[in-house]
Amino acid sequence: MRLQNKVTLITGAASGIGKSSALLFAQEGAFVIVNDLDAVKGEETVAEIQASGGKALFLQADVTNPDSVKAMVESAIAQCGRIDVLFNNAGISGVGALHELEPEQWDRVMSVNIRGVFLPSKYVIPHMMAQRSGSIINMSSCIAEIGLARRASYAATKGAVLALTKSMQVDYASYQIRVNALLPGTILTPFVENYLKTSYDDPEAAIASLKSRQLGNELGTPEDVAQAAVFLASDESKFMMGSPLYIDGGVVFG
Ligand code: NAD
């Protein structure tokens, strides 16, 4: 097992990539702290892990709210004693060209996707500094590097997460804390299905168009990203520091 007894906090772990990662991390021996806004789906994720012999607990918190995140981290430390891996996965979509966006829409995407990386990191890092070890995985996206139509706010957040990852890595390298970023391409999750349904008259045609941008002509699965997250969490990636890891079917070359 590659993550034996590593205490791992995954934000937004009740759905999609976060949920797949929670299941895979537990299979690899981690104790998984499942965070989400959605308590019903979060508890379902924990029940699935426990049913297959894994170890997990659910902690509800809104990653944009400092009091909520601080209480979550304090509870995690009280129950588990340490946090070895923080996977800042929670995120929301933002659709529209810049001039179409209302300031409130812009602020909401910034808040979940950037503040939602800042706050869990802010409260977990002092514990990792005291331990002198830790792996932080930040969820960026290949959209940080390629232009996609009508995704201005979302792209801005994922570019910021990539820059933040490098900056964090420099600040915490001397504490043996590694900070790396995942850059998925299009992965079929509820997040993407919802985006397709609300943005296109013909979601099937939109999926075909997205597939045609991939070198392999297929979209990714949540498990594809979860495997990469396990690698970044594990000691197998010990020489990766501040790195962007692409899981995108070659879309950045398309
Ligand atoms: P998803 O919608 O299936 O899951 C996201 C989860 O985050 C949900 O369970 C949701 O309740 C939770 N969440 C949202 N706001 C939250 C908050 N304020 N506090 C706590 N939890 C919150 O999405 P997904 O497709 O699995 O995406 C996960 C991450 O991967 C996101 O950061 C997304 O931007 C990123 N990503 C996704 C894709 C893709 O194609 N699906 C591609 C690149 C990057």
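Just so it is clear, none of the values below were taken in a lab; they were calculated from the coordinates. What you see is a predicted model, and the numbers here were worked out from it, not measured in a lab. Positions of Cβ are backbone-derived with ideal geometry, glycine not excepted, and every protein chain shown enters the neighbour counts.
Tabulated values for the structure
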read-out: Selected residue [in contact with a Gly (Cβ under 8 Å, 6 or more places away or on another chain), more than 21 Å from T221 (Cα to Cα) and among the charged types (D, E, K, R)] from D84, D36; value: D84
read-out: Residue ID - farthest from the ligand (Cβ to nearest atom), chosen from residues in the stretch 1-29 that are of a type in the set (A, V, I, L, M, F, W, C) and more than 22 Å from L119 (Cβ to Cβ); value: M1
read-out: Condition check for S121: closer than 18 Å to L59 by Cβ, among the hydroxyl-bearing types (S, T, Y) and in contact (Cβ under 8 Å) with a residue 12 or more places away in the chain; value: yes
read-out: Residues being assigned to a loop (DSSP other than H, G, I, E, B) and either more than 12 Å from the ligand (Cβ to nearest atom) or surrounded by fewer than 19 Cβ atoms within 10 Å (Cβ to Cβ) (or both) - total across the stretch 45-61; value: 3
read-out: Residues that are over 25 Å from F231 (Cα atoms) and out of contact with any Phe, Trp or Tyr (no Cβ under 6 Å at 6 or more places or on another chain), drawn from the stretch 73-98; value: E74, S75, A78, Q79, V95, G96, A97, L98
read-out: Residues located in the stretch 202-254, provided they are in a helix (DSSP H, G or I), in contact with a helix residue (DSSP H, G or I) (Cβ under 8 Å, 6 or more places away or on another chain) and of a type in the set (D, E, K, R); value: E223
read-out: Pairs with Cβ under 6 Å, 6+ apart, first in the stretch 25-54 and touching a residue at least 60 places away in the same chain (Cβ under 8 Å), second part of a helix (DSSP H, G or I); value: E28/V230
